[in-house]
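Below is one structure, written out as structure tokens; comments come after it.
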Amino acid sequence: MASPAASSAPAASLERRLGLGGLGLGLLVPAADGDNGPPAPPMPGLMRLRCAVQHYEWGRRGAVSLVARLAAAAAADDDRPCAELWMGTHPSAPSSLAPDVSLRDWIARNPAALGRTVAARWGGDLPFLFKVLSVAKALSIQAHPDRGLASALHALRPATYRDANHKPEMAVAVTEFHALCGFAATQELKEVLRTVPEVQELVGKEESRKLLSVKEQDGGIGVRSYLKSAFTKLMVASEEAVSEAIAKLKSRLNAESKVRTLTKKEQLVLSLEKQYPGDVGVLAAYFMNYVKLSPGEALYVGANEPHAYLSGECIECMATSDNVVRAGLTPKYRDVQTLCSMLTYDQTFPEVLRGVPVQPYVTRYTPSTDEFEVDRYLLPSGRSVTMSPVPGPSIFLVMEGEGEIQAGTMPDNTKAKEGDIFFVPAHTEVKLYTSGFRSMQLYRAGVNSRFLS
């Protein structure tokens, strides 16, 4: 049987590696079977995270990338695009407490950090993945599978679909943010088929006729069936046919721009053509809603809904998954048949979320899924705010400014500045204070409060 001193040694060693000796980290070390030693020490109030940057080609570079600025140390002297900052436990880019101590492993050893309800529901892992995105050019036209399809795709092609989880997600705009999301209304699609001959040619006369003849009031399965058939016909067209259609479209719009003002969708299509020449996604944009978010507005994307983020910077939160089914605007693997078959073909314009004030300086964005919610803190100079204990974990990101954080029973405040990221265990009170003359902007990701209540 291990002695109490022996069982506590790993925790003390880990505290030293994390540079937290003397701060009461209180790592919980499971006792050996039959060990009736002293009770585990209290859970730490908060822990500083080291988080990974993803260098996808669509990301912004250098000082214009919010991701690069927030991850200044990790992105120093790196001229690659800084596209995403990942905060969480997903194995593709896990956050860590030290170079060899992942947050995922620490939570596995300390499930009390999740809270009993969260640990029971999500198998002892963090249920959400928190990100920052800096988008210079369009991401792929994509959708995320529901749980059933995710499980099937993971079993079939685990190298491409790396987990079996669904991936509902929400983007909160930090700057003006543009996206394509969901299918346009029937009347708009009819106008496309009447006025964009390059699209009608690829869709075909029969499929075009069906959509053009449908009545607005019909709605339901009939329209969805016609829409699915027309969209699939476009997406599976040959590369040669697509390239020829886009060349015709580009030539026609450039000529018409000299005698009239192009529509916003037409301007978007020309912009996408410059980014992805000859890509079918350029034409697919005509089928989708064009959404513009102002800073502080948010967009929720459920399972099996087509979307593509186009430009801007945002906070993003999602269920812990990296499952993406792509079909356009990408050099990556395309699974066109899967995407066309999985979509809901819903034509409702996406709801723009503006958040709900939950206390002074704090706005909450609450989606319909249980895994996550996001709080935005806009804390003026000289002010403070307290987050009452919640029965689930949180991750805090300092976006702008500097101040101090006091968490749980920690006797001293922790300094917090732009780019700092903290993991906060369940049942921990957090107090935030500004310092100096600058305000602070922070974001918190946590488990949906409706699930926890």
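The values are calculated or read from the model by the stated rules, or taken from the named source; none is laboratory data. Note that the structure is predicted; figures quoted are calculated from it, not measured. All Cβ positions, glycine included, derive from the backbone under ideal geometry; neighbour counts span all protein chains shown. The protein model used for the area step is the full one, side chains on, heavy atoms only, and it has no ligands, DNA or RNA in it. Shrake-Rupley method; radii C 1.70, N 1.55, O 1.52, S 1.80 Å.
Brief remarks on what is shown
- Spacing of the modelled spin labels on LYS415 and PHE437, each 7 Å from Cα toward Cβ, amounts to 2.0 nm.
- Segment 180-277: C-alpha gyration tensor shape, a/c 1.5 cut-off, then a/b vs b/c: prolate
- Contact order relative to length of segment 102-169, as percent, for alpha carbon pairs under 8 angstrom and 6 or more apart: 20
- Rounded, prolate or oblate (a/c below 1.5 giving rounded, otherwise prolate when a/b exceeds b/c) for segment 351-440 by Cα gyration tensor: oblate
- Whole-percent carbon and sulfur share, accessible surface of the chain, 1.4 Å: 52
- Excluding same-chain neighbours fewer than eight residues apart, the aspartates and glutamates reachable from LYS431 by a Cα-Cα span under 13 Å are GLU404, ASP412.
- Loop-exposed GluC sites (Glu not before Pro) per DSSP, neighbour cap 14 Cβ within 10 angstrom, longest uninterrupted part of the chain: 217-350
- For segment 91-245, the solvent-accessible area works out to 43 Å² per residue, with a probe of 1.4 Å and every protein chain left in place.
- Modelled FRET efficiency - R0 45 Å, ARG224 with ALA63, Cβ distances, 0.05 increments: 0.50
- Mean sequence separation of contacting Cα pairs (under 8 Å, at least six apart), scaled by the length of segment 214-350, corresponds to a relative contact order of 29 percent.
- Helix-only CD estimate at 222 nm, as mean residue ellipticity for the chain, using -39500 (n - 2.57) per DSSP H run (n ≥ 4): -8500 deg cm²/dmol
- Tensor-based shape of the chain (alpha-carbon gyration tensor, a/c under 1.5 rounded, otherwise prolate or oblate): prolate
- Summary value for the chain: 20 percent relative contact order, contacts being C-alpha pairs under 8 angstrom separated by 6+ residues.
- With respect to the chain, whose longest principal axis is taken over its alpha-carbon atoms, helix 186-195 is tilted by about 50°.
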